[in-house]
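The values are calculated or read from the model by the stated rules, or taken from the named source; none is laboratory data. Only a predicted model underlies this, so the values are computations on that prediction, with no experimental measurement involved. Please note: Cβ atoms are built from the backbone with ideal geometry, for glycine as well, and neighbour counts cover all protein chains shown. Heads up: the accessible areas ignore ligands, DNA and RNA and are worked out on the full protein's heavy atoms, side chains in. Shrake-Rupley method; radii C 1.70, N 1.55, O 1.52, S 1.80 Å.
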Amino acid sequence: MIDWDLAVATGRRLVKPGPAVTPDEARAAVTQLKAFAVESHGHVEGFTGLRAPTIGDPTAAVVVVDRPGWIQANASGFRTVLEPLTAKIAAKRSQPAAPLTDAVGAKVTGVQTGTLLAFLATKVLGQYELFPPYGRPLDDPDLPPGRLLLVAPNIVAAEREMGVDPRDFRLWVCLHEETHRVQFGAVPWLRGHLMQEMAAFVDATEVDASALAERLKAAASAAYGAVREGFDPGYDSDADGDPGGSRGGSLVEAVQTPAQRGILDRITALMSLLEGHADFVMDGVGPSVIPSVADIRARFQTRRKEVSRVEAVLRRLLGVDAKLRQYRDGERFVRGVVERVGMDGFNQVWTDAEHLPTRAEIADPAAWVTRHHG
């Protein structure tokens, strides 16, 4: 379905180069980021009360990459996630397609995927590598621990663009990303649960031709709405009174099936929790170890909003705006719960899947507190 080698090659060819740095500056950035990731581990554990044991060299699970390295790592992750869907589509075929048709189709989607990866590779500062290596099923109970990926050129570019202190900004980024590593290390069931949800989402994908046609029509509507809203200030994609509809929404939202909506709601709530918790931690720890944290947060929030119209359209279509809402809504949820029941009370969220907030509770932390604390 996708020529992954071509996707990686395309992404590497199209991705913009990072900022100009000398070899000494590059080595210093890599060394400092690895050191800050290790340092952040203790800060996160101390602030949250979570305990994530480290095994062996603590720097071994921290990988500082450039943009092509990020593309390679994420292509492997996407391939893992999409493999069950590929198998499902192949099994649904009434007859095999011609080899030439398959080859051409795979190359087209390979170029498209590589183009998407090239765009995203300039935006990501860091991530916890959630997906297992290609060839390992999503629900494998013995998945190896995930790595922490830090994209050095993007971090350097951001700190220069905002004019913030490099030392403080790098530690601030590491606090957020290390929080994810602590979350999954301290809560062993969490990664498997998320993988099972994602596997269920893929399994619920419709491969019937008529159903796919309807989903593609919804995707076209989403694309039209996003483009109109991005370039026509007077256009309101939610004028029909359905802010959750496909018009102007992301492509993921537009093509989901009814069976997928409930699963996506749970995944969205969980991702909002994880991202909001990481933002809450980075700002909570920040004042004690990052002198300029308030200035960094203010400039970073401004930077998120200052994008061109073209990028605004792409961000909406690809779900980047939805991702930013996860940071905002999730942080409000965590703050709201901690204010009511303290950090120990909040940490009950990690007990089991039943304690995870629903999408509605993310917007109403008092409801979660009532459900679990009375």
#### Entry: Residues (open to solvent by 30 Å² or more (accessible area, probe 1.4 Å) and either more than 21 Å from GLY284 (Cα to Cα) or over 20 Å from the mean Cα position of the chain (by Cα) (or both)) located in segment 324-337
ARG335
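Which ones in segment 165-187 are hydrophobic (A, V, I, L, M, F, W, C), in a helix (DSSP H, G or I) and over 16 Å from GLY42 (Cβ atoms)?
Within segment 165-187, the first condition is being hydrophobic (A, V, I, L, M, F, W, C), and the residues that meet it are 169, 171-175, 182, 184, 186-187.
When the remaining residues are screened for being in a helix (DSSP H, G or I), the result is 169, 171-175, 182, 184, 186.
Across segment 165-187, the qualifying residues are PHE169, VAL173, PHE184.
Tell me whether segment 226-249 contains one or more residues that are among the acidic types (Asp, Glu) and at pLDDT 60 or above. Reasoning before the result, please.
First pass over segment 226-249, keeping only residues among the acidic types (Asp, Glu): 229, 232, 236, 238, 240, 242.
Okay, now just the ones that are also at pLDDT 60 or above, so none.
No, that holds for no residue.
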### Query
Quick check: is even one residue across segment 4-18 open to solvent by 40 Å² or more (accessible area, probe 1.4 Å), over 22 Å from the mean Cα position of the chain (by Cα), closer than 27 Å to ALA157 by Cα and modelled with pLDDT of 95 or more?
yes
### Message
Could you go through segment 91-103 and let me know if any residue there is of a type in the set (D, E, K, R), modelled with pLDDT of 80 or more and in a helix (DSSP H, G or I).
### Response
no
### Count - residues of segment 346-359 that are modelled with pLDDT of 95 or more, open to solvent by 50 Å² or more (accessible area, probe 1.4 Å) and not β-branched (Val, Ile, Thr)
3
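Pull up segment 351-370, narrow it to residues that are of a type in the set (D, E, K, R) and touching a residue at least 24 places away in the same chain (Cβ under 8 Å), then point me to the one that is farthest from GLY262 (Cα to Cα). Full working, then the answer.
Step one: filter segment 351-370 for residues of a type in the set (D, E, K, R), giving 352, 354, 359, 361, 364.
Applying the additional criterion that residues be touching a residue at least 24 places away in the same chain (Cβ under 8 Å) yields 352, 359, 361.
Numbers: ASP352: 19, ARG359: 10, GLU361: 14 Å.
If we take residues in segment 351-370 being of a type in the set (D, E, K, R) and touching a residue at least 24 places away in the same chain (Cβ under 8 Å), then ASP352 is farthest from GLY262 (Cα to Cα).
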